[in-house]
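S.K.: Pasting a structure below so you can have a look.
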Amino acid sequence: MAEIFDIKHEVDLSEYTSTVTDSGDLSQSAPGLASTSGKMQALIDDATLIYGEKTFTQFTSDSFRYRFYIDPNAISMNAGDEFVIAQIRKDTGWRSEVTLAFASGVYKVRAGLRNDASGSDFTSYYTITDASHCVEVLCVRASSNVANDAEITLWLDDVQQENLGGIDWYDLSKPNNARLGVLQFLVAVSTSGTIYLDEYVLRDDSTQIGCTVSSSSSSSSSSSLSSSSSSSSSSSSSSSSSSNSSSSSSSSLSISTSTSSSSSSSSSISIPPIKDTLNLMYIEQVTFRAPYSLSLVGGDDDRLSIFLKQRGLPSI
């Protein structure tokens with residue numbers, strides 16, 4: 001049980017076993033969507049499918065998990081448009097996939113799992129903003145050929161959206177390849193523009209992959225934080241370490257930095273009060289330049305530990 005691949009798109013698309021580029025419509029560009037310096041970009045200007053494919057030895061495990069980043073990049077889609085952006089496959093047939101759709105003026109994603117009856121079981125649609133988002137999917141095989149207890153779980157930006165169970169997936173053969181790109185148009189093609197995809201990871205077990213933290217090569221004398229919610233609202237940080245006076249029962253995340261370990265001067269910034277643990281997980285990008293310290297003003301340390309662990313940051 002291990003990581004099968006981790007495709008970062010740092011330089012080009014050579015990490016894939018093969019690619020279909022349609023004369024350059026599929027390419028690599030900078031910067032990356034999260035912690036890398038590059039990404040995949042897919043230009044949709046006709047009905048030609050474009051993608052990278054990675055082959056691997058067929059799974060023996062009873063679960064698999066995959067994660068990637070997507071930025072719709074203001075792509076033009078009509079209401080009802082939908083196409084597949086990621087698939088885990090066995091030869092020419094898919095086993096799990098994620099689609100991007102457009103409805104009610106917003107972008108949406110959903111995840112699906114193929115079943116033994118050659119049908120499909122899909123989660124509901126979940127809204128994403130026109131920005132970079134981390135999508136993660138876990139697929140678990142049924143316990144027997146009559147159990148019908150397979151399941152699929154979808155996360156967006158490290159927040160679980162849905163766990164769909166009661167699925168009949170046991171006899172269908174296990175995956176041996178994966179694709180990322182523009183894989184199938186589910187309605188007549190009216191979509192146009194360029195979408196960005198990045199950091200495609202696959203594991204042959206149920207171990208959480210999680211979202212990554214953006215890196216920076218800037219000097220160590222400052223820190224920055226950006227946050228967004230699923231409703232596409234954003235808030236700017238102020239240079240105050242106090243909690244919001246309008247909600248005394250909530251907590252705020254305070255980040256303090258100093259220019260050097262021996263310096264007595266320091267600064268801190270805070271975000272608006274966090275009303276619950278899930279809202280804390282909506283903080284998508286955090287860049288720290290040591291030395292730094294974090295604390296939850298009026299909150300509890302368990303929530304801070306979750307925040308640090310999810311993003312691979314050292315505990316304090």
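S.K.: Could you work out the per residue convex hull volume over the alpha carbons of region 2-104, in cubic angstrom?
M.R.: 137
S.K.: Here's something else I'd like to know. Apply the Karplus parameterisation 6.51 cos²θ - 1.76 cosθ + 1.60, with θ equal to phi minus 60°, to every residue of region 73-83 and state each ³J(HN,Hα) to the nearest whole Hz, in sequence, with x for glycine and proline.
M.R.: Taking θ as phi minus 60°, the curve returns 6, 6, 4, 7, 9, 7, 4, x, 5, 7, 8 Hz for region 73-83.
S.K.: Among 120-126, 180-186, what's the highest-first ranking by average C-beta atoms within 10 angstrom per residue?
M.R.: 180-186, 120-126
S.K.: Regarding region 12-52, what's the average projected area of the Cα-atom convex hull, expressed in nm²?
M.R.: Mean projected area for region 12-52: 3.0 nm², to one decimal.
S.K.: Order 73-80, 135-142, 99-106, 147-154 from most to least packed using the mean count of other Cβ atoms within 10 Å.
M.R.: Ranking, from highest mean packing down: 135-142, 147-154, 99-106, 73-80.
Read-outs: derived from the displayed coordinates by stated rules, not from any lab. Fair warning: this is a prediction, and the values are worked out from it, not measured in the lab. Reconstructed Cβ throughout: ideal geometry from the backbone, glycine too, with neighbour counts over all protein chains shown.
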